[in-house]
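The values are calculated or read from the model by the stated rules, or taken from the named source; none is laboratory data. As the structure is a prediction and not an experimental result, all values here were calculated from the model. Using ideal geometry, Cβ is built from the backbone for each residue, glycine included, and neighbour counts are taken over all protein chains shown. Side chains are part of the model used for accessible areas, which takes the heavy atoms of the whole protein and leaves out ligands, DNA and RNA. Shrake-Rupley method; radii C 1.70, N 1.55, O 1.52, S 1.80 Å.
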Amino acid sequence: MSPTFQPPRAGEGLPTVPWDSRRRRKRRIAWLLAGLTALTAAGAAVVSTCTLCYAVSDGGERPLAYVPREETYAAAVAQVEDRVSHILRQDYAYPQETTVALTIAPKKDLQDPDQLTASLMETVDQVQAAWVLTVEGIPVGACASREAVLAALEGRKGAYDTPFTVSAQLGAEVAVEDVYLPAGAEVLSAEALQARLAQSWDQVEAAAAALAPWVPWEGAALPPGEDPVLPVVTVEEVTYTQPVEAPQETVEDPTLLAGETALLQEGSPGLEERTDRVTRTQGEETARETMSVNRLTQPVAAQIAVGTAQGAAGAQGRFCWPVEGRITSPFGTREIFGSTSSHRGIDIAAASGTPIAASAGGTVIWSGPKGTYGNLVKLDHGNGFVTYYAHCSQLLVQAGDTVAQGETIALVGSTGRSTGPHCHFEILWQGELLDPLACLPG
């Protein structure tokens with residue numbers, strides 16, 4: 001018969017454990033469970049973010065890249081060899097100094113064949129990475145970084161900045177391409193590229209041809225040789241003041257001949273403030289648009305007297321008698337030498353040798369014999385009037401001389417078709433004969 005289990009009585013069997021010892025034991029178990037939970041979570045995190053892969057290394061402290069398969073490395077090496085062979089224009093074999101080893105790496109660090117190719121290209125000493133600037137599709141220069149190319153473009157625009165510039169634009173289409181060039185190819189600084197952009201296409205042609213094997217270019221004809229490679233168009237807003245021309249007011253004046261003017265009152269210019277939008281190419285103005293005009297002071301008009309007198313009325317007070325004497329033949333129709341004729345002037349009787357005076361100031365346009373006039377002097381008075389002095393015995397002036405009113409120009413005679421010593425005197429207004437008696441003082 002099985003013994004019957006009897007619980008121990010107080011003070012017998014299992015030793016009594018104090019209450020605080022039982023609490024410390026429970027804490028240790030909790031800590032152990034928490035640690036196991038943390039390890040499990042960390043393992044899950046590693047599994048979710050990392051993967052088994054291959055590390056490509058060239059012996060440096062850090063691998064060049066992580067790839068999912070060994071075949072990825074082989075494909076990248078083949079691409080590198082093809083690209084470098086094309087750049088160098090000769091066969092190239094990638095040096096097998098890199099190693100490929102199995103490892104664990106973050107999934108985000110894995111590279112595809114193209115990314116690995118880029119990483120391997122950086123290890124090839126025979127080529128150099130560069131950024132090429134093209135203008136209208138034509139390569140003009142390379143820099144070591146994209147930032148250097150952009151700095152050259154900004155510097156080109158900034159060369160035409162003024163305190164009034166509000167915008168600057170490049171006057172041609174540009175593009176920046178990342179390429180690999182042979183290690184000895186020309187690579188410019190930002191400053192050198194900026195200077196090249198200011199040169200003419202003739203000066204840049206050789207550099208463009210040198211880059212053509214590595215940068216796609218259709219070989220289109222270069223722009224005109226004198227034009228800069230990269231023109232710059234700027235817009236300025238210019239505010240300035242300028243005078244406003246004084247207007248003219250005309251007043252009719254019957255004391256002046258038609259066509260004659262006289263200043264009655266001086267005008268004075270005004271002043272205005274203008275704001276213009278000025279477009280410049282290479283700093284040269286190509287267009288201007290007025291944005292606003294603010295009149296500061298108004299101009300004062302000048303007053304001009306405009307003559308209205310014509311013909312005999314205009315002659316009043318301008319002419320004096322060439323000689324003193326009796327009128328022996330008036331202006332108009334007359335009987336002479338047994339026939340009727342039109343007399344072009346008046347005949348003033350005077351003794352032979354009497355001085356003949358210029359009826360008004362003017363220029364001698366004829367001095368010499370002239371058919372029935374005999375010895376003749378003609379004066380042009382410069383205001384539409386011309387006077388004739390005929391039948392002179394002696395001429396005292398020559399063509400081209402300038403004479404004053406009252407100056408002796410000839411002596412009375414009877415040359416030509418004449419019945420006795422006298423001065424034949426004519427006045428013409430714009431080619432039309434006038435009656436001298438209507439023009440001379442009474």
Out of Glu226, Glu237, sole residue that is in a strand (DSSP E or B) and open to solvent by 30 Å² or more (accessible area, probe 1.4 Å): Glu237
Condition met for Thr408 (in contact (Cβ under 8 Å) with a residue 24 or more places away in the chain, among the β-branched types (Val, Ile, Thr) and closer than 29 Å to Thr261 by Cβ): no
Per-region count, region 302-315, residues assigned to a loop (DSSP other than H, G, I, E, B) and either of a type in the set (Val, Ile, Thr) or surrounded by fewer than 15 Cβ atoms within 10 Å (Cβ to Cβ) (or both): 0
Residue within region 157-166 that is over 20 Å from Pro231 (Cα atoms), in contact with a strand residue (DSSP E or B) (Cβ under 7 Å, 6 or more places away or on another chain) and either of a type outside the set (Asp, Glu) or open to solvent by 30 Å² or more (accessible area, probe 1.4 Å) (or both) present: no
Only one of Tyr160, Tyr180 that is within 19 Å of the chain's Cα centre (by Cα), outside any helix (DSSP H, G or I) and not polar (S, T, N, Q): Tyr160
Subset tally (residues that are open to solvent by less than 60 Å² (accessible area, probe 1.4 Å) and either under 30 Å from Gln199 (Cβ atoms) or not in a strand (DSSP E or B) (or both)) for region 255-295: 10
Region 57-100, residues that are among the acidic types (Asp, Glu) and more than 22 Å from Val215 (Cα to Cα): Asp58, Glu61, Glu70, Glu71, Glu97
Residue match in region 188-202 (condition: at pLDDT 90 or above, open to solvent by 50 Å² or more (accessible area, probe 1.4 Å), at negative phi and in contact with a Cys (Cβ under 8 Å, 6 or more places away or on another chain)): yes
Check on Thr419, open to solvent by 60 Å² or more (accessible area, probe 1.4 Å), in a strand (DSSP E or B), more than 19 Å from Cys439 (Cα to Cα) and of a type outside the set (Phe, Trp, Tyr): no
So Asp401, is it within 60 Å of the chain's Cα centre (by Cα), charged (D, E, K, R), farther than 25 Å from Gly307 by Cβ and open to solvent by 30 Å² or more (accessible area, probe 1.4 Å): yes
Residue within region 358-372 that is hydrophobic (A, V, I, L, M, F, W, C), more than 30 Å from Thr308 (Cα to Cα) and open to solvent by less than 60 Å² (accessible area, probe 1.4 Å) present: no
Selection count, region 101-150, where residues are farther than 30 Å from Gly60 by Cα, open to solvent by less than 50 Å² (accessible area, probe 1.4 Å) and part of a helix (DSSP H, G or I): 1
Failed condition for Glu273, given (1) under 30 Å from Ala185 (Cβ atoms); (2) touching a Leu at 6+ places or on another chain (Cβ under 9 Å): (1)
Tabulated pairs, region 147-171, first without any contact (Cβ under 8 Å) to a residue 24 or more places away in the chain, second open to solvent by less than 30 Å² (accessible area, probe 1.4 Å) and not hydrophobic (A, V, I, L, M, F, W, C), C-beta under 8 angstrom, 6+ apart or interchain: none
Only listed residue being hydrophobic (A, V, I, L, M, F, W, C), assigned to a helix (DSSP H, G or I) and under 15 Å from Cys143 (Cβ atoms), chosen from Ala175, Ala206, Ala192: Ala192
Single residue of Gly406, Gly382 found to be in a loop (DSSP other than H, G, I, E, B), open to solvent by 40 Å² or more (accessible area, probe 1.4 Å), under 20 Å from Gln430 (Cβ atoms) and of a type outside the set (D, E, K, R): Gly382
Members of region 385-398 found to be open to solvent by 40 Å² or more (accessible area, probe 1.4 Å) and in a strand (DSSP E or B), listed by number: Gln394, Leu395
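Condition check ((1) within 19 Å of Tyr160 (Cβ to Cβ); (2) touching a Ser or Thr at 6+ places or on another chain (Cβ under 6 Å); (3) not aliphatic (A, V, I, L, M)) across all residues:
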| site | (1), (2), (3) |
| --- | --- |
| Leu181 | no, no, no |
| Gln199 | yes, no, yes |
| Ala208 | no, no, no |
| Leu211 | no, no, no |
| Pro223 | no, no, yes |
| Glu226 | yes, yes, yes |
| Thr234 | yes, yes, yes |
| Tyr240 | no, no, yes |
| Glu249 | no, no, yes |
Extreme residue, farthest from Val364 (Cα to Cα), among residues of region 422-442 that are of a type in the set (Asp, Glu) and in a strand (DSSP E or B): Glu432
